[in-house]
Amino acid sequence: MRCPYCSSEDSQVKDSRPAEDGTAIRRRRVCPNCGGRFTTFERVQLRELTVLKKTGRRVPFDRDKLMRSFEIALRKRPVDRERIERAVSGIVRRLESSGEQDVPSEQIGLMVIEALKALDDVAFVRYASVYRDFSGAEDFEKVIAELSAQINGDAGHERNG
């Protein structure tokens, strides 16, 4: 593993342990060249995923970008980091085990909305406002009404309009 400080090609593992929900290995490393210490994470990757953007462009799937989406939506919300990691890992596992290499960005967005709805209603509304491109207060009202209907067990009787 290349040292992030001096770019030396050699580094030594000083400590390894499971991280998150057991889906990764956390390794503490030290560079014998400059003495710099850093941490790496090792995860199983079942296949290389490519995200198909709405524009038709293809980009490599980036787990860190997915994590940032959750962190932005959940900023200043009382949700444990471990629950966020589990949600992200769950989405990645579902995508990798789907058998498809190319994944539409819309599919990922819907998975994020579903996960955020289970984690935190405020984060769900934040993310939905960007994902669904809200243009006014009525868009927020509609989503909040949907949430209220589900909370009250009245999800099957949504208003049209």
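Please treat every number below as a calculation from the coordinates, not as lab data. All figures in this text were calculated on a predicted structure; none of them were measured in a lab. Using ideal geometry, Cβ is built from the backbone for each residue, glycine included, and neighbour counts are taken over all protein chains shown.
Summary of values
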quantity	calculated
The chain: angle of helix 63-73 to the longest principal axis, Cα-based, in degrees nearest 10	50 degrees
Share antiparallel - DSSP beta bridges, the chain, percent rounded to 5	85 percent
Net charge of Cβ neighbours under 15 Å - reference residue 59; Lys, Arg +1; Asp, Glu -1	+2
Local electrostatic count, residue 13, Cβ distance below 13 Å [Lys/Arg +1, Asp/Glu -1]	+4
Total formal charge among the other residues, if their Cβ is under 12 angstrom from that of residue 37, Lys/Arg +1 and Asp/Glu -1	+3
Helix-only [θ]222 nm of the chain, DSSP H runs n ≥ 4, -39500 (n - 2.57) each, per residue, nearest 500	-13500 deg cm²/dmol
Gain on full stretching of the segment that runs from residue 57 to residue 145 - 0.36 nm per residue minus C-alpha separation	28.2 nm
Unsatisfied cross-links (Cα-Cα over 29 Å) in the set 14/117; 14/76; 65/117	14/117; 14/76
Amide H contacts under 5 Å for residue 24, placed H, 5+ residues apart	19
Cα long-axis angle, helix 81-96 against the chain (0 to 90 degrees, to the nearest 10)	90 degrees
Angle between the chain longest axis and helix 121-131 axis [Cα atoms, degrees, rounded to 10]	90 degrees
